[in-house]
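Student: Questions regarding the structure given below will be posed in turn.
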Amino acid sequence: MVEGPGEPHDAELARLSRRLRAELRAEAEAYEQLAATDLLRGRRLADVAAELVSRGDVVALGFAPWTFTGTVIYAAGDLATLRVRGGEVDVNLGVPLYLRVVERVRAGGLDRGRGPQTFLARLAEHEAAGGAVELGSRALGEQLHGVLRAVARDHVVFVDRQAQTWYLATAAIDYVAVRR
């Protein structure tokens with residue numbers, strides 16, 4: 001085949017065009033990755049918990065020495081509620097803890113729904129219900145079983161099974177569980 005005038009030039013332009021498109025694609029992918037990372041950096045743990053409500057994934061949520069495995073069914077402010085085997089656990093997202101996705105589900109999840117906007121408000125709901133709860137506090141190094149008698153601004157009044165009265169700072173309460 002005989003090359004006419006400009007054909008080698010056209011081939012060179014085509015190679016340059018392909019290389020430029022590849023470089024632009026790589027640059028766009030890098031910017032997308034930076035944008036995704038920036039979004040991750042801007043989230044709070046409460047945002048992650050809210051996302052987990054809508055996804056329906058099975059998660060492990062823990063603070064040494066306790067770990068709960070279940071589905072996040074509600075999240076707002078510093079509160080996350082997990083449905084676990086045998087009941088529900090309301091978690092104080094303001095304490096040091098971890099969340100780990102154990103199993104991604106293909107379908108499911110919930111709407112955020114309505115409920116208390118803070119862990120303190122959820123404690124007040126437990127007080128109003130008057131039922132027995134399990135309260136976990138690493139500050140105590142143990143779990144207490146009993147009834148929330150009063151929820152104050154920065155602490156709760158808790159009466160355990162032995163009728164002992166405890167005054168616990170809200171910030172020292174890691175979780176409250178209701179077993180069914």
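Student: Let me spell it out: the conditions are (1) within 27 Å of A152 (Cα to Cα); (2) open to solvent by less than 60 Å² (accessible area, probe 1.4 Å); (3) part of a loop (DSSP other than H, G, I, E, B), and V105 meets all of them except one. Which number is the exception?
Tutor: (1)
Student: If you take the residues of the range 64-91 that are within 14 Å of the chain's Cα centre (by Cα) and in a loop (DSSP other than H, G, I, E, B), which of them is surrounded by the most Cβ atoms within 10 Å (Cβ to Cβ)?
Tutor: Checked the range 64-91; the qualifying residue surrounded by the most Cβ atoms within 10 Å (Cβ to Cβ) is D78.
Student: Only one of (1) surrounded by 10 or more Cβ atoms within 10 Å (Cβ to Cβ); (2) at pLDDT below 80 is not met by S54, so which one is it?
Tutor: (2)
Student: OK, next. Sort through G113, G130, G136 and tell me the only one that's under 20 Å from R180 (Cα atoms) and either modelled with pLDDT under 90 or surrounded by fewer than 17 Cβ atoms within 10 Å (Cβ to Cβ) (or both).
Tutor: On the way: G113 fails: under 20 Å from R180 (Cα atoms); G136 fails: either modelled with pLDDT under 90 or surrounded by fewer than 17 Cβ atoms within 10 Å (Cβ to Cβ) (or both).
None of the other options fit; the residue is G130.
Student: Could you grab me the full set of residues in the range 138-153 that are of a type in the set (D, E, K, R), part of a loop (DSSP other than H, G, I, E, B) and without any contact (Cβ under 8 Å) to a residue 60 or more places away in the chain? Steps first, answer last, please.
Tutor: So the first thing to find is which residues in the range 138-153 are of a type in the set (D, E, K, R), and the list is 138, 142, 149, 153.
Then drop every residue that is not part of a loop (DSSP other than H, G, I, E, B), which leaves 138, 153.
Of everything in the range 138-153, just one residue is of a type in the set (D, E, K, R), part of a loop (DSSP other than H, G, I, E, B) and without any contact (Cβ under 8 Å) to a residue 60 or more places away in the chain, namely R153.
Student: Specify the residue that is farthest from L93 (Cα to Cα); the eligible residues are those in the range 154-180 that are in contact (Cβ under 8 Å) with a residue 12 or more places away in the chain and not in a strand (DSSP E or B).
Tutor: First, the residues of the range 154-180 that are in contact (Cβ under 8 Å) with a residue 12 or more places away in the chain: 154-156, 158-161, 165-180.
So of that shortlist, the ones also not in a strand (DSSP E or B) come out as 154, 161, 170-174, 180.
Numbers: D154: 16, R161: 27, T170: 12, A171: 10, A172: 12, I173: 10, D174: 8, R180: 23 Å.
Among those residues, the one meeting the criterion is R161.
Student: Another question, then. Residues of the range 143-163 being at negative phi, out of contact with any strand residue (DSSP E or B) (no Cβ under 8 Å at 6 or more places or on another chain) and open to solvent by 60 Å² or more (accessible area, probe 1.4 Å), which ones?
Tutor: Scanning the range 143-163 gives R153, Q162.
Student: Looking only at the range 144-179, which residues are of a type in the set (V, I, T) and more than 21 Å from L79 (Cα to Cα)?
Tutor: So in the range 144-179, the residues of a type in the set (V, I, T) come out as 147, 151, 156-157, 159, 165, 170, 173, 176, 178.
Those that are of a type in the set (V, I, T) and more than 21 Å from L79 (Cα to Cα): V159, T165.
Student: Same structure, new question: For R85, indicate whether it is of a type in the set (K, R), without any contact (Cβ under 8 Å) to a residue 40 or more places away in the chain and more than 12 Å from V176 (Cα to Cα). It would help to see each step written out before you state the result.
Tutor: On the way: of a type in the set (K, R): yes; without any contact (Cβ under 8 Å) to a residue 40 or more places away in the chain: yes; more than 12 Å from V176 (Cα to Cα): yes.
Taking the combined requirement at face value, the residue satisfies it.
Student: Further question on the same structure: Filter the range 164-174 down to residues that are open to solvent by less than 80 Å² (accessible area, probe 1.4 Å) and out of contact with any helix residue (DSSP H, G or I) (no Cβ under 9 Å at 6 or more places or on another chain), then give me how many there are. Can you show your working first?
Tutor: Let us first name the residues in the range 164-174 that are open to solvent by less than 80 Å² (accessible area, probe 1.4 Å), namely 165-166, 168-170, 172-174.
Then keep just the ones that are out of contact with any helix residue (DSSP H, G or I) (no Cβ under 9 Å at 6 or more places or on another chain); that gives 165-166, 168-169, 172, 174.
Final tally of qualifying residues: 6.
The values are calculated or read from the model by the stated rules, or taken from the named source; none is laboratory data. Note that the coordinates shown come from a computational prediction; the quantities given were computed from them, not determined experimentally. For neighbour counting, all protein chains shown are included, and Cβ atoms are generated from backbone atoms with ideal geometry for every residue, glycine included. These accessible areas exclude ligands, DNA and RNA; they are computed on the full protein's heavy atoms, side chains included. Shrake-Rupley method; radii C 1.70, N 1.55, O 1.52, S 1.80 Å.
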